[in-house]
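Written out below as structure tokens is the structure these notes cover.
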Amino acid sequence: MRQKMGNYTALLRARELLKNRGLDAALAARPANIRYISGFAGTESYLYLSAERAAILTDSRYTLQAQKEGKDCQVRTIGKGSGYGELLEKLLSEDGVRTLGFEEDALLYGTVAELQEKSGLPAGQWKPLEGALSALRAVKSAEEIRKLEEAERIGDAAFSYILEELRPGVTELQIAAKLEYFMKSHGAEGTSFDTIAASGLHSAMPHAVPTDKPLEKGDFVTMDFGCRYQGYCSDMTRTVVIGKADARQREIYQVVLEAQETALASLRPGMTGAEGDWLARAVIEEAGYGEYFGHGLGHSVGLEIHEKPALSTREKTVLAPGMIETVEPGIYIPDFGGVRIEDMVVLTEDGVRNLTASPKELIEL
Ligand code: ZN
Ligand code: ZN
């Protein structure tokens, strides 16, 4: 069941943003931003926003849904001879718009060129929003945090369940399918990204795609998965060993775990994303595995699985209470295997609260 999510506050904040950027109107294209501002959860649509109105531009597949979910929004549907460019042209002239913000990070070049031509608003009057609408979603409300927490709780339950299913002979694809079936049958609307189940040498690839490889004794098995609950995503990773871990596996696992726990203990508002990243990276570098930790420490999560700000070496954004971050250090050694441990946390006034409850000591099955 869908709930009305668009809130008046989000709409007001979006309008405030238009004013601050000197824009007469904006055209949102990123589904998460459209949903956040209007409540409409459909895809392949636009939200047009000016001081005068909010209008959902969509096609007939979504008309009813947009009317139902779009709070305080007009709904305009494309039809024969009248595409998005023509709908936009009407709105722009009705509102006397001279400068229009657009989401350059969510639209194809060809789409923008066509909209510019059909709407009659010259390219020079289209202003990139530079992620400003997405930034409105960075700090989560208590209600959003509750949904993220519930999504992560379903992930935790899926992990407890899958531990009973892991044994030699079960394939990576079967593990992924079981995780997904469990989450969907326990309240999830779907997965928040393609489930990763990587065993043995495959675990050296951080984003390995599951294959028909069966688990074998001595394999690391990395499982990275998440689901969506009322639109909000979860994300967690655990790595286990089939049979007994050898000394090298044990050592790598402990380094990753120490890096993660160090970061969880020290991450707090006021730090930049880069400073947050360094908390874990320093531990891994100190242990001599720096070259095997190639990705950032984490990312924010919300209506989208990858949101800003990230915890990465390049992130200058300062973390604030109410932001969500994943904390997911890893070590990946080619021709050997890899370990990643990932929790999802919410920034509090003086640290973080972990939304993930699954155990993290090395599990040997
Ligand atoms: Zn993940
Ligand atoms: Zn993640």
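Give the residue, chosen from Glu104, Glu94, that is at pLDDT 95 or above, under 23 Å from His306 (Cβ atoms) and surrounded by fewer than 19 Cβ atoms within 10 Å (Cβ to Cβ).
Only one candidate qualifies: Glu104.
Among (1) within 21 Å of Glu304 (Cβ to Cβ); (2) at pLDDT 95 or above; (3) of a type in the set (Gly, Ala, Ser), there is one condition Ser60 misses while meeting the rest; what is its number?
Here Ser60 clears every test but (1).
Tell me yes or no: at least one residue of region 284-296 is within 14 Å of ligand 2 (Cβ to nearest atom), crowded, with 16+ Cβ neighbours inside 10 Å and among the hydroxyl-bearing types (Ser, Thr, Tyr).
No, every residue in region 284-296 fails to be within 14 Å of ligand 2 (Cβ to nearest atom), crowded, with 16+ Cβ neighbours inside 10 Å and among the hydroxyl-bearing types (Ser, Thr, Tyr).
Of the residues that make up region 175-187, is at least one assigned by TED's automatic domain parsing to the domain that holds Gly338, closer than 30 Å to Pro321 by Cα, touching a residue at least 24 places away in the same chain (Cβ under 8 Å) and of a type in the set (Asp, Glu)?
no
Among the strands (runs of 3 or more DSSP E) contained in region 175-242, which hold 1 or more residues that are surrounded by 23 or more Cβ atoms within 10 Å (Cβ to Cβ) and out of contact with any strand residue (DSSP E or B) (no Cβ under 8 Å at 6 or more places or on another chain)?
Strands (runs of 3 or more DSSP E) meeting the threshold: 227-229.
In region 317-331, what count of residues is obtained for those that are more than 14 Å from Leu297 (Cα to Cα) and either surrounded by fewer than 22 Cβ atoms within 10 Å (Cβ to Cβ) or hydroxyl-bearing (Ser, Thr, Tyr) (or both)?
5
The values are calculated or read from the model by the stated rules, or taken from the named source; none is laboratory data. Note that this is a predicted model, so its numbers are computed, not measured. Glycine gets a Cβ as well: all are built from the backbone with ideal geometry, and neighbour counts include every protein chain shown.
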